[in-house]
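The values are calculated or read from the model by the stated rules, or taken from the named source; none is laboratory data. Keep in mind it's a predicted model, so treat the numbers as computed, not measured. For neighbour counting, all protein chains shown are included, and Cβ atoms are generated from backbone atoms with ideal geometry for every residue, glycine included. These area figures cover heavy atoms from the full protein model, side chains too; ligands, DNA and RNA do not enter into them. Shrake-Rupley method; radii C 1.70, N 1.55, O 1.52, S 1.80 Å.
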Amino acid sequence: MGIRKRLVGSYFVVISLTVLILEIFLIVSVRYYYFHNMERILMNQAELSASFFQQYFTDEDLEEQSDRLLKGFGYHSDAQVQIIHPSGRLLRDSAGFEPGMTMNQYADVQSAISGEPGTWRGKDPFTHEAVLSVSYPLEAHHLTVGAVRFVTSLNGTIATVNQIMILLIGVGLAVVAIVTTLGIFLSATITRSIRDLKQVADRMTEGDFRIHVQKRYRDELGSLGDTLNKMAVRIVKSEQLKNDFISSVSHELRTPLTSIKGWVITMKSNGSVDTDLFHEGLEIIESESDRLSRMVDELLDFSKLDSGRITLHFAPVNLTDLLNHIGRQLAPRALRQGVTLDMQADGGLPVIQADENRLKQVLINLIDNSLKFTDASGRITVHARTEPKQVVISVTDTGSGISKDQLANVLQKFYKGDPHAPGSGLGLAISDQIVKLHHGQLSITSSADSGTIVRICLPIGGE
Ligand SMILES: Nc1ncnc2c1ncn2[C@@H]1O[C@H](COP(=O)(O)OP(=O)(O)OP(=O)(O)O)[C@@H](O)[C@H]1O
Ligand SMILES: [Mg+2]
């Protein structure tokens with residue numbers, strides 16, 4: 001799981017770095033605070049002692065008064081107090097060390113003897129414990145006559161600092177652990193969605209489109225799942241349409257073929273004696289072949305339109321002429337069916353830019369539908385009129401009408417109200433495409449029993 005590792009890894013790195021930087025800062029601050037504090041307390045005591053000496057003992061001999069001084073200096077302090085001769089020799093020690101020891105090796109003592117307060121941190125040579133010492137010069141008449149030294153063990157402080165350090169490190173590790181665990185859970189929510197999506201996509205590549213993604217969260221992955229679901233629904237639908245189409249087309253092709261075959265057989269056996277029968281047969285074979293090639297043309301046409309491989313040849317079209325022409329062409333069929341076909345073109349229709357043949361195809365498709373679905377003594381009105389910026393051609397019939405749920409589908413390719421009715425179900429889909437290529441709009445108003453109105457709006461002023 002690449003993403004999961006990457007997510008958890010980056011959580012871990014970010015939080016570890018943050019905690020590490022914070023810890024270092026805190027530990028350094030705590031150490032500084034404790035040691036500095038300690039040093040300040042000792043320094044205050046030393047300073048106090050030195051000023052006490054300066055006030056009351058300037059005229060006395062340091063060595064002689066060292067006992068009294070030691071008592072005075074050590075009165076308010078738990079620290080070990082030492083009094084040191086300017087030569088570096090130890091005069092008195094509150095811890096009971098032998099006087100006479102040289103103290104010159106300590107940096108704080110050196111500094112105090114030369115007149116400046118000094119501090120030192122290190123190991124006590126006798127007890128081997130960590131100590132802090134502060135030395136302060138004792139002055140009389142502007143001369144350094146010795147030094148006072150306060151020494152304290154750092155063991156307690158170090159232990160406290162260590163405890164705090166352990167606590168801080170513990171808390172830091174806990175934070176890293178908690179955040180990493182949270183990261184694992186958080187990334188699991190993401191990777192789980194991705195895994196679901198992948199599983200479903202895998203099933204889909206195997207051809208199973210009935211499967212659905214379970215939406216876990218309303219996030220980008222959730223909407224990706226929705227998209228996948230929608231895609232599957234569409235694929236299933238188009239698969240269904242394709243199957244329906246194949247069965248309906250094979251059916252459609254078989255009808256004329258059966259009729260042709262039947263007539264050929266009849267003509268073979270009887271044609272030589274009955275010339276009328278022979279001619280009737282030939283005529284039927286001719287019209288059935290026409291029907292077949294019309295169907296094949298329609299299919300080819302549609303596949304071209306659908307894949308956008310068709311280009312329109314725009315030229316000025318006179319709509320009045322076009323309507324009259326179509327009216328004349330379809331009049332015999334309307335007469336045969338007992339339907340009144342009325343072509344009305346308003347005066348002053350503009351000449352529009354369009355592909356005349358395609359436009360004719362659309363109108364014939366629409367009138368063909370009306371003729372198919374209108375009973376004898378019905379009426380079909382084709383009316384062209386001008387509106388601001390567009391020409392509207394409407395085909396109105398008094399036929400069976402289209403029910404509401406069918407209306408939503410009639411523009412789809414291969415859709416037929418009655419799957420067993422003749423036709424490929426492509427007529428309206430092709431017409432809609434052609435009108436769209438003219439930058440126009442095709443709309444249908446209908447309800448069962450009240451007849452149908454199909455409107456084509458075409459923009460005036462060209463392509
Ligand atoms: N004027 C109409 N009156 C009633 N129903 C209609 C009308 N026009 C279309 N329909 C319905 O819409 C469906 C689709 O029409 P379309 O023209 O796309 O296909 P078709 O006429 O069935 O087949 P084709 O046009 O390819 O021969 C029809 O099957 C029919 O149910
Ligand atoms: Mg049709």
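Across the range 304-330, which residue is modelled with the highest pLDDT among those that are over 26 Å from LEU341 (Cβ atoms) and surrounded by 13 or more Cβ atoms within 10 Å (Cβ to Cβ)? Among them, the one singled out is PHE314.
Results for (1) in contact (Cβ under 8 Å) with a residue 40 or more places away in the chain; (2) in a helix (DSSP H, G or I); (3) not assigned by TED's automatic domain parsing to the domain that holds SER289, shown as yes or no for each residue.
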{"residue": "PHE185", "(1), (2), (3)": "no, yes, yes"}
{"residue": "ILE190", "(1), (2), (3)": "yes, yes, yes"}
{"residue": "VAL200", "(1), (2), (3)": "no, yes, yes"}
{"residue": "PHE209", "(1), (2), (3)": "no, no, yes"}
{"residue": "ARG216", "(1), (2), (3)": "no, no, yes"}
{"residue": "GLY225", "(1), (2), (3)": "no, yes, yes"}
{"residue": "ASN229", "(1), (2), (3)": "no, yes, yes"}
{"residue": "ILE246", "(1), (2), (3)": "no, yes, no"}
{"residue": "GLU252", "(1), (2), (3)": "yes, yes, no"}
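For the range 369-383, state whether one or more residues are modelled with pLDDT under 95, more than 11 Å from ligand 1 (Cβ to nearest atom) and of a type in the set (A, V, I, L, M, F, W, C). So far as the range 369-383 goes, yes, one or more of its residues are modelled with pLDDT under 95, more than 11 Å from ligand 1 (Cβ to nearest atom) and of a type in the set (A, V, I, L, M, F, W, C).
In the set (1) within 16 Å of ligand 1 (Cβ to nearest atom); (2) part of a loop (DSSP other than H, G, I, E, B); (3) closer than 23 Å to SER424 by Cα, the condition left unmet by ILE310 is number (1). The set of residues in the range 361-391 being open to solvent by 50 Å² or more (accessible area, probe 1.4 Å), out of contact with any Ser or Thr (no Cβ under 9 Å at 6 or more places or on another chain) and within 16 Å of ligand 2 (Cβ to nearest atom) consists of LYS372 alone. Summed over the range 392-433, residues that are hydrophobic (A, V, I, L, M, F, W, C), within 30 Å of GLN353 (Cβ to Cβ) and away from ligand 2 (no atom under 13 Å from the Cβ) total 2.
State yes or no: is GLU286 surrounded by 12 or more Cβ atoms within 10 Å (Cβ to Cβ), more than 20 Å from ARG385 (Cβ to Cβ) and of a type outside the set (Lys, Arg)? No: the conditions fail for GLU286. Could you tell me whether any residue of the range 20-43 is closer than 30 Å to LYS198 by Cα and either part of a helix (DSSP H, G or I) or modelled with pLDDT of 95 or more (or both)? No, because not a single residue in the range 20-43 is closer than 30 Å to LYS198 by Cα and either part of a helix (DSSP H, G or I) or modelled with pLDDT of 95 or more (or both). In the set LEU257, LEU282, LEU241, only one residue is touching a Lys or Arg at 6+ places or on another chain (Cβ under 8 Å) and under 30 Å from GLY423 (Cα atoms); that residue is LEU241. Residue count for the range 57-111 under the criterion of being over 22 Å from ASN44 (Cβ atoms) and open to solvent by 20 Å² or more (accessible area, probe 1.4 Å): the result is 20. For the range 90-122, the set of residues classified as out of contact with any Gly (no Cβ under 6 Å at 6 or more places or on another chain) and either among the acidic types (Asp, Glu) or within 19 Å of PHE53 (Cα to Cα) (or both) consists of LEU90, LEU91, ARG92, ASP93, GLU98, VAL109, ILE113, SER114, GLY115, GLU116, PRO117, GLY118, listed by residue number. Examine the range 333-351 for a residue that is farther than 23 Å from PRO459 by Cβ, in a helix (DSSP H, G or I) and away from ligand 1 (no atom under 16 Å from the Cβ), and state whether such a residue exists. Scanning the range 333-351 turns up at least one residue that is farther than 23 Å from PRO459 by Cβ, in a helix (DSSP H, G or I) and away from ligand 1 (no atom under 16 Å from the Cβ).
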